[in-house]
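The values are calculated or read from the model by the stated rules, or taken from the named source; none is laboratory data. Computed from a prediction, not measured in an experiment: that's the story for all the values here. Positions of Cβ are generated from backbone atoms using ideal geometry, with glycine treated the same way; all protein chains shown enter the neighbour counts. We work out accessible area using only protein heavy atoms, side chains counted, and drop any ligands, DNA or RNA first. Shrake-Rupley method; radii C 1.70, N 1.55, O 1.52, S 1.80 Å.
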Amino acid sequence: MAAMAGRSSDTIVVVGLGVIGLATALALARRGARVIGVDRFGSGDPRTSSTGVSRSIRVAYAMPEYAHLAVEALDRWARLEAGGTRPILHLTGQVDLAAPGTLADLAGGLHAAGAAYEELGAADIRRRMPGVAVGDDAAGLFHPRAGTVIADAGMAALAAAAVAAGAELRAPQRVLAVQEAAGGVRATTDAGPIGADRAVIAAGPWTGELVEPLGLRLPLAPAVAQVTYFDVPELVGMPAIAEWGEDGAGGVYGHPVPGVGYKLGFDAAGDDPWDPEGAAPVPDPGEQARLEDWAGERLPALAGRALRSDRHPWTMTPDTDFAIGSLGAITVAAGCSGHAFKFGPALGELVADTSDGSPRPAAAMFALDRPGLAGPAPAPSKPINR
């Protein structure tokens, strides 16, 4: 599944303006392409994946490829922040709690990426994260290049930079089909056709309906995830936290949110169905109650301080790795699997490389024809503790 060799002067239509689509539009526009970005609702709409106040960012991944990508993303987010007017990164570090084997895997990824980290015993965990309740046999890791991406500020910065680089962003405008045509591609929209040399489909949970007519059946499982915000503004300087489950069990992650307090979520989407034509998902009080129970035991300062919960769609792949590759002049970037936002500007460059016909070696793990995409779509609640 190879891409056509691209020219910097090509016209490229980018379908979907979530974090991956916006970042790809920016990367391609900066390379000299004429970019037309189209989104059904508009970036950041509550019915989409790239919505909400904040996202976690961390380098602690067991797979070195992700750790390296996270370092690149941190650097690119920082450059966007420096060129804008709003803070994007709020880095307070992260404490990871897990079984020894998982901690060793995470330490391996951090080491491979050249990222500083500290191994923690129970007393160290309490020192790094005052108020956390752990047993005397607890073990963990701390790494400083982690914390929070202010999501709405990051999306605004990507959009502003893309427009400044010459990209045209259209929304709301729904793309009904994308197909190869004589000399390039044709995107059919509810506002009329768009002709281009190439296309990038980064339509989140709507990707499947656009790529199946191209003969590509990806085992994607749209699912709905929930996060809860806690009214504890005094804790905005506290590190992020991730408690990884054992033997495939889901865990919990959280991070500080300036202006709000702290955010927590389970690292797996729920089992309730996603409605592609429906309104924004309604929060589940039962899931919030379970998360509040966890907070009361692990972070007692959050007990009774829940402010609100939000829900948004994820798009899961069987192996929780992204799906990125090309079918001739059409490049697909899908399968966020609940952990793509943090990588946004780095993924934009990677997808742009793929569209240009020069994919990075690291992109092989996201290939559309890899064995991990050969099976059935996963259960939506599959955890992403990697």
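Some points to look at:
- Tail fraction, Cα-Cα pairs, segment 1-68, threshold 20 Å, whole percent: 49
- Label-point separation in nm, Glu72 to Leu176, each point 7 Å along Cα→Cβ: 3.7
- Segment 166-298 shape via C-alpha gyration tensor axes, a/c threshold 1.5: prolate
- Modelled FRET efficiency - R0 35 Å, Arg127 with Ala279, Cβ distances, 0.05 increments: 0.20
- Lys/Arg +1, Asp/Glu -1 at C-beta; the chain dipole; positive extreme among Leu28, Leu17, Leu327: Leu28
- Difference of contour (0.36 nm per residue) and Cα-Cα distance, Asp136 to Asp190: 13.4 nm
- Put the Cα centre of segment 227-271 next to the Cα centre of segment 96-112 and the gap is 19 Å.
- Of all accessible heavy-atom area on segment 37-170, the percent that carbon and sulfur account for (1.4 Å): 55
- Cut-off under 5 Å, modelled amide H: who pairs with Val185 long-range: Ala196, Asp197, Arg198
- For the chain, adding -39500 (n - 2.57) for each run of n ≥ 4 DSSP H residues and dividing by the number of residues yields -7500 deg cm²/dmol at 222 nm.
- Separation in nanometres of the label points that stand 7 Å from Cα toward Cβ, at His111 and Arg7: 5.0
- Spin-label pair Arg290/Glu246, simplified geometry with 7 Å Cα→Cβ offset, distance in nm: 2.0
- The per residue volume of the convex hull around the alpha-carbon atoms of the chain is 123 Å³.
- Across segment 227-294, Cα pairs under 8 Å and at least six residues apart give a relative contact order of 31 percent.
- Carbon + sulfur, % of accessible area of segment 213-254 - ligands and nucleic acids excluded, 1.4 Å: 48
- Dividing the mean sequence gap of close Cα pairs (under 8 Å, 6+ apart) by how many residues the chain holds gives a relative contact order of 25 percent.
- Entry comment: accessible area of segment 262-321 is 44 Å² per residue, from protein heavy atoms only and a probe of 1.4 Å.
- Proximal charge balance of Arg198 [Cβ under 11 Å; K/R count +1, D/E count -1]: -2
- Cβ-Cβ FRET estimate between Ala104 and Met63, R0 fixed at 22 Å, reported to 0.05: 0.95
- Relative frequency of Cα-Cα separations exceeding 25 Å in segment 213-361, percent: 40
- Taking Cα centre as origin and charging only the Cβ of basic (Lys, Arg, +1) and acidic (Asp, Glu, -1) residues, the dipole magnitude of segment 245-386 rounds to 380 debye.
- Relative contact order for segment 265-386, counting Cα pairs under 8 Å that sit 6 or more residues apart, in percent: 32
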